[in-house]
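The values are calculated or read from the model by the stated rules, or taken from the named source; none is laboratory data. Computed from a prediction, not measured in an experiment: that's the story for all the values here. Reconstructed Cβ throughout: ideal geometry from the backbone, glycine too, with neighbour counts over all protein chains shown. Each accessible area value is taken on the protein alone, full model and side chains, heavy atoms only, with ligands, DNA and RNA left out. Shrake-Rupley method; radii C 1.70, N 1.55, O 1.52, S 1.80 Å.
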Amino acid sequence: MKKFFTSNDHVLPRPIEKLPEYAHAKARRTLAEKLIEAFHLSDAAADAIANAVVDPSAVRKSIGETSDPQVERIAVPGGLLLGIRTSVWSRRIMPDPRNPRIGPTRRHPFAVVPGTGDEDTRFRPVPEPRSPDGKPDDVPELVVEIDSRHHLEWASAQAAKFILKDNDWRDSIRSQGVMEAVWLAATTYLHADGPAPATAVVSVEGSSRTAAVHNILEVRSSDVPYDDPDRKLRSLYKALGDAFEQGTHTLDQTEAIRCERMPALILVGFRRNGTNAAGFPTAVKSLVALRHVDPPKAWGEGPANESLADEVLDELFRRNLVTGVERAYYAASCTKAEARAAHLPDDPSRRAARIVALFARADDATAEAIHVAVTSQSTRRRISRKMCNELATALIVRSVASDIGKLDQVRRYLRHSFGQAVYAEPWESTNRDTDSLARDAIAEVQRAMADENIVEPGPASLELSVRGAYALVVTGGLHSDRGTRGAIQPDRRLAGEVLDSMRRSVPGVHQLAQALRDFAAGQHIRAVDENGTIKKRSDGATDFVVNDAYLRQEFAPPGKARARSGGPTPTEQLNDRLADFSDAMDRLQAAFKGVAAVAGNDGSPLVEVEGVEPSFCATRRQLLSRIGDEFNFWDRTYRRRHGIPATMGAGGDTDEEENDVDEFEQEPDTDAELAEEDQDDNGARTIAEAKGGAR
């Protein structure tokens with residue numbers, strides 16, 4: 001299943017079909033004449049549209065009577081735009097060379113004289129389109145004045161470069177083709193250097209999709225107004241059709257077949273409202289603004305994940321991977337009584353574990369269903385662990401009966417409660433009761449304690465942590481990283497990292513089990529000691545209730561000691577002194593990094609050039625060696641004391657080998673600390689890189 005989470009081919013390809021033939025010149029000319037008669041277009045504009053349309057005969061028939069053409073009417077401020085919905089050839093349309101997305105990056109002549117700066121200022125920006133000279137401004141054509149064909153080539157290249165970096169649709173389009181209509185208008189380019197005007201059908205909203213298609217097809221967009229590729233296109237489309245029919249089409253040909261056509265809305269008219277003075281160019285801008293400047297408010301992450309999660313359940317049901325009752329159960333649309341009647345657990349923590357397992361342990365059939373469901377709504381959303389975790393969380397929180405504000409917090413914290421092991425290690429959601437699951441988890445932890453070669457305790461501890469996450473987060477006993485502003489947290493671990501520390505120790509397993517018992521009983525979650533006994537407050541009568549700070553202190557990150565208790569017993573005193581020792585080691589680590597951070601004149605660590613006095617090194621090395629030996633002894637003693645003796649394997653003795661790895665060579669405790677190590681400045685190296693200076 002790792003491929004499911006890491007594959008870049010996250011969108012299931014759309015099936016292809018044979019391309020139609022390129023329309024004959026007579027059919028295209030007949031459509032052009034119809035456009036001239038119905039919409040008063042110029043010959044050049046009508047020809048450009050007719051040449052771009054895949055099926056001119058169908059479009060001509062759809063227009064109907066020229067006195068009252070049957071076209072789409074689109075309301076915009078100031079009037080109605082008239083449009084024809086059809087399919088166009090991608091090679092015969094052009095993305096806007098002055099794509100509005102690049103507006104803030106344009107360098108204007110008042111700031112830099114064209115041709116005197118870098119490539120970005122080689123020409124002045126392409127100006128706004130306007131209506132043709134000598135014609136009413138409601139004529140459905142646009143005119144753009146450019147210096148030369150080179151000016152257009154430069155502007156097109158600049159726009160494509162920006163778009164493919166800022167809004168790249170290529171991966172989606174290679175797999176799906178263009179699915180939403182691009183908006184087009186006939187546009188004529190007037191050259192200041194003398195050549196005849198050139199007309200093309202241009203995307204009025206910029207169209208990152210058209211730019212992506214041209215990149216895939218290796219079309220130079222700026223050539224579209226000037227080329228007459230009739231014979232070339234007829235031959236190209238026939239070759240692609242033959243390859244499709246013979247089943248010999250390559251991957252490149254498959255992608256080309258998807259990209260050679262795209263749906264389009266061709267703007268062919270404008271009718272004003274009353275005395276409105278705005279013309280066709282302004283109406284086009286108004287239409288574009290409705291999509292890009294003042295669009296409908298996006299759903300946001302929460303509603304989007306809700307919709308995707310429901311679609312996943314529907315797809316699983318359509319493929320008979322879940323029953324109707326299971327779909328309703330996962331969607332939280334059945335009552336607890338109905339769940340019990342269907343022999344499904346009514347405990348929300350067990351339901352949460354089943355949902356997480358559904359996404360985290362997806363088999364090939366389930367993974368394909370998730371792919372299909374997600375890409376049916378978003379072709380650019382990558383199928384990752386993060387996304388699956390968000391969909392699982394969206395379904396889990398439906399069982400939480402809290403106010404909206406609290407629900408949003410629970411959703412955010414739960415999203416960070418299922419760590420990497422939940423999605424990487426084998427486990428499943430079972431029907432074991434809490435006590436049975438805890439016993440199995442303790443046995444796993446004890447086996448891991450006894451054998452240093454066991455890195456992952458096992459599936460029972462993972463299932464217990466997933467169930468426990470729900471109980472602790474919903475009751476407020478555990479938060480995720482709350483940041484630094486106004487947050488009182490001993491550390492900044494995510495909730496999943498705290499839960500991972502808990503499930504790897506016997507006291508932590510006891511605490512997770514107690515959380516589930518108390519949650520099921522509807523009471524505050526109480527703290528327990530290493531034997532699972534309820535802890536009391538200093539008055540000896542009141543139960544100790546857990547909170548976020550307590551859990552983080554009791555179940556510290558790897559390499560950190562538990563919080564100081566100040567208690568009088570030898571065990572409590574030992575723990576407090578270990579906390580002191582841990583703090584001292586942290587200071588030692590920082591001091592060691594400080595030595596490596598001192599740079600010489602050449603910028604390299606000075607200690608590597610000058611070295612350190614041998615007597616100092618020898619004495620400190622002896623101390624570090626003695627401490628390292630003690631660490632090995634303490635480690636083995638703890639394993640013998642708290643672990644289950646490992647069964648002797650074929651290799652013979654199971655005693656641990658000496659661990660001679662220098663304490664300073666250990667990796668950082670968390671991903672956050674690793675990031676901090678990587679970002680050391682002032683020439684400082686990471687501890688691992690500086691280890692040579694400690695030997």
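Some notes on this structure:
- Positive-end extreme of charge dipole, the chain - chosen from A424, T323, V54 (charges on Cβ): V54
- Efficiency of FRET from Cβ geometry, E368 and D228, R₀ 35 Å, rounded to 0.05: 0.15
- Förster-model FRET efficiency, 25 Å R0, D55 and R29, C-beta, rounded to 0.05: 0.95
- Debye equation applied to the C-alpha atoms of the chain, log10 I(q)/I(0) at 0.09, 0.11 Å⁻¹: -0.96, -1.13
- Accessible surface of C334, taken over heavy atoms with a 1.4 Å probe and every protein chain present, rounds to 30 Å².
- Heavy-atom accessible area for I488, with the other protein chains in place and a 1.4 Å probe, reaches approximately 150 Å².
- Net dipole in debye of the chain [+1 Lys, Arg Cβ; -1 Asp, Glu Cβ; about Cα centre; nearest 20]: 2320
- Bridging of K285 to aspartates and glutamates at a Cα separation below 15 Å is possible for D96, E128, D137, D138, E141, E205, D294, once same-chain residues fewer than 8 apart are set aside.
- With every protein chain in place, region 103-146: carbon and sulfur % of accessible area (1.4 Å): 54
- Measuring between alpha carbons in the structure, the pairs from K18/K161; K386/K593; K26/K61; K536/K560; K336/K386; K165/K238 lying more than 27 angstrom apart are K18/K161; K386/K593; K336/K386; K165/K238.
- Label positions at D171 and D118, each projected 7 Å from the Cα along the C-beta direction, are separated by 2.8 nm.
- Computed with a 1.4 Å probe over protein heavy atoms only, the accessible area of F519 comes to about 50 Å².
- Most tightly packed first, judged by the mean number of other beta-carbon atoms within 10 Å of their residues, the peptides 195-206, 127-138, 147-158 read 195-206, 147-158, 127-138.
- Alpha-carbon centroids, region 486-512 and region 156-208: separation in whole Å: 53
- Gap separating the Cα centres of region 98-130 and region 231-263, nearest whole Å: 37
- Using R0 = 25 Å, the C-beta based FRET efficiency linking R492 and L624 works out to 0.30.
- Heavy-atom accessible area per residue - the chain, 1.4 Å, Å²: 51
- Label zone at Q523 (point 7 Å along Cα-to-Cβ), backbone N below 20 Å, region 387-417: none
- Think of the chain as having a plus end and a minus end, set by charges on the Cβ of Lys, Arg, Asp and Glu; of A289, H191, A618, A289 sits farthest toward the positive end of this dipole.
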